[in-house]
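One structure below.
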Amino acid sequence: MSNKEYINVVGAGLAGCEAAYQIAKRGISVRLYEMKPHKKSPAHHTEDFAELVCSNSLKAQRVGSAAGLLKEEMRRLDSLLLRCADNCTVPAGGALAVDRHLFAKSVTEAIRSMGNIEIISEEVTEIPADAITVIATGPLTSDALCSNIVSLFGESLSFFDAAAPIVTAESIDTETSFKQSRYDKGDGDDYINCPLNKAEYETFYKELISAERAPLHDFDVAEPKVYEGCMPIEVMAQRGEDTIRFGPMKPVGLRDPRTGHRPWAALQLRRENSAGTMYNLVGFQTNLKFPEQKRVFGLIPALKNAEFVRYGVMHRNTFIDSPRVLNSDYSAKTRETLFFAGQLTGVEGYMESASSGLMAGINAARKFKELKTLTLPEETMIGALSRYITDDTVKKFQPMGASFGLLPELTNRSRDKKIRGEQYAERSLDTLSMFVEERIND
Ligand SMILES: Cc1cc2nc3c(=O)[nH]c(=O)nc-3n(C[C@H](O)[C@H](O)[C@H](O)COP(=O)(O)OP(=O)(O)OC[C@H]3O[C@@H](n4cnc5c(N)ncnc54)[C@H](O)[C@@H]3O)c2cc1C
C-alpha cells in the first residue's frame, strides 16, 4: 500500500480520464485535477472532460489496420473511452468518428458518476509528491507545470500542431459540391466533396501560399518544428504546386456528377456531428489569420459562402524526452511512484493517448497494491507503442502513433497488405488474451 489512501491524476483529457477510470474501477480512490473551466488551453473550448480538440475521427475501425487494432486491444482491456466512443459514433466510412460533444459528455458523466473519483478543479503547478501520481496534462500542458517538469527532468521539447476549420452544413454550396465517399466506401453521405478545375485550383494555390499567417507569439522557438501528420495546409503547399493535390486535395476515387470525371483537385468535408449540421475541412489544418481563412478557402467554389463555426488554429505541442525519462510501464525512471500518460509522453493521437492512460492507470493501481507493474507484450500495439517511446536507443525522439512498423516481424508474413494486417491483428489479440488471463486482472 502507498502511504496515502488515494492516487492523483492530473489532467482530465483523454489519457487522464482513462487512467482515473482504470484506477477507480480497481477500488482505489482518485483525486482528479483539471484546470478547466477556470483556465483553458488555446485549443480547449468546453467545460467537459476528454475534449477532442481537432478532428472528430478516432481513425480506422478495421481490426486489420494499425489504428483499428489499437482500439480493439483497448476494448478488450475495458477502455472507458472506447466504450463511450462506440456509443456516440457518426458515420465516417471505415473510420470511427464520434459526435465530439456527446463523446465528451458521456466520458464526463461516467467519471463523475464513479463514487471514488474526487474532482478538483484547479491548475496544478508542481508535480504532487504526496501520493502516487499520474501526469496527463497533454500537449498543451500549462506553462507553470511545464516549467516544473523541465526543472525536474531537464529535457522537454516543443513542436507544433494545427487544427482544421469547421463550417456549417447549410452554408456549403450544393450546386458545386457532391456527396460521395472515396472509392464509394461506406455511406455516400459521410463526405461532401468540393471539386476544383485546373484554373480554380491554380488561383486557390497562388493565394494560399501568399496568404497572411497568424503570429506565433506564445512559442519560444524561432523555427517551429511541425509534425508531418498535422502540417498546416499552407506549409505543405509551399513544397510544390502539386503537393496538396497528391495530399489532402487528392481527387482519386472521386467522380464529379456534373462532369462525369475525376476533378482536378478536391477538398473533402467530413461530417462533424450526428445531426450533420457541421463539417470539417479534412486535412486543412492551418495557421492563416482568420479573415485570410475565409478569403482563401472561400475561393473553393463550394465554400464561397461558407460560414465558419471554428477557424483553424496552430498550437504548441509539448512532449517529454521519454526514452531518457520513462520506463515502458509509463513510470519515471527517477521516481517510481510518478507516472506520465498521454500525448505528453510522445504517443501521438487521441486513442494512442488514451491507451497510454489505460496502462499508466493500471500500473499506478498495481504500484498502490504493491504488485509488479506491467508492460504489454511487444506483439500488441499498446505494448509496442510503450516500448518504442521508451527505447533509449532512439536518440532524436519524435512522437509516434499506432503503426504495424512497431510490431515484431511476422514469421508467416503475407505479401498481401490486407492479409498481413489481419495476421498482425490475430497474433496480437491471441497474445493479449493469454496475457490478460495470466496477469492483468490482479
Ligand atoms: C491543436 C491540436 C490538434 C490535434 N489534433 C489531433 C487530431 O486531429 N487527431 C488526433 O488523433 N490527435 C490530435 N492531436 C493530438 C492529441 O491526440 C490530442 O492532443 C489528445 O487530446 C491528447 O490527449 P491527452 O489526454 O494527452 O491531452 P488532453 O486531451 O489535451 O488533456 C489534457 C488535460 O489536462 C488539462 N491540463 C493541462 N495542464 C494542466 C494543469 N497544469 N493542471 C490541471 N489540468 C491541466 C487540460 O485542460 C486538458 O483537459 C491534436 C493536438 C493538438 C494540440
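Read-outs: derived from the displayed coordinates by stated rules, not from any lab. The structure presented is a predicted model; accordingly, all values stated were derived computationally and were not measured. Backbone-built Cβ (ideal geometry, glycine too); neighbour counts: all protein chains shown.
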One would report the antiparallel percent of DSSP beta bridges in segment 1-153, rounded to the nearest 5, as 25
Using only the alpha-carbon atoms of the chain as identical scatterers, what base-10 log of I(q)/I(0) does the Debye formula give at q = 0.07, 0.11, 0.14 Å⁻¹?
-0.35, -0.87, -1.34
The farthest towards the positive end of the charge dipole of segment 163-315, of the residues PRO301, ALA265, PHE204, given +1 on Cβ of Lys and Arg and -1 on Cβ of Asp and Glu, is ALA265
Can you find, among THR286, PRO251, PRO91, the residue farthest towards the positive end of the dipole of the chain? Put +1 on the C-beta of Lys and Arg, -1 on that of Asp and Glu.
PRO251
Distance between Cα centroids, segment 230-256 to segment 65-96: provide it in whole Å.
28
Quick one: ILE209, ILE117, fewest Cβ neighbours within 10 Å first, how do they rank?
ILE209, ILE117
Span from the segment 311-333 Cα centroid across to the segment 263-297 one, whole angstrom:
29
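How many percent of DSSP beta bridges within the chain run antiparallel, rounded to 5?
Details: 32 of 50 bridges.
DSSP beta bridges in the chain are roughly 65 percent antiparallel.
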Just to confirm the number: angle between the C-alpha axis of helix 100-112 and the first principal axis of the chain, 0 to 90 degrees, nearest 10?
10
Choose one answer from GLU202, GLU307, GLU72: the residue with the largest mean-square fluctuation in a GNM of the chain with alpha-carbon springs under 10 Å.
GLU202
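With the cut-off at 21 Å, tell me which of the pairs LYS25/LYS369; LYS4/LYS25; LYS36/LYS289 have Cα atoms farther apart than that.
Details: LYS25/LYS369 13 Å; LYS4/LYS25 18 Å; LYS36/LYS289 26 Å.
In this structure, LYS36/LYS289 lie more than 21 Å apart at Cα.
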Relative to the longest principal axis of the chain, what angle (0 to 90°, nearest 10) does the C-alpha long axis of helix 198-210 take?
50
Excluding same-chain residues fewer than 8 positions from LYS294, which aspartates and glutamates have a Cα within less than 20 Å of its Cα?
GLU170, ASP173, GLU175, GLU200, GLU202, GLU207, GLU212, GLU234, GLU272, GLU307
Partners for LYS395 among aspartates and glutamates (Cα-Cα distance below 12 Å; same-chain residues under 8 apart left out):
ASP321
What whole number of Å gives the distance from the Cα centroid of segment 1-48 to the Cα centroid of segment 409-442?
31
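Restricting attention to segment 78-163, which GluC sites (Glu not before Pro) occupy a DSSP loop and are surrounded by at most 14 other Cβ atoms within 10 Å?
Those that pass, being in a loop and sparsely packed, are GLU122, GLU126, GLU155.
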Between 0 and 90°, nearest 10: helix 66-76 axis offset from the chain longest Cα axis
40
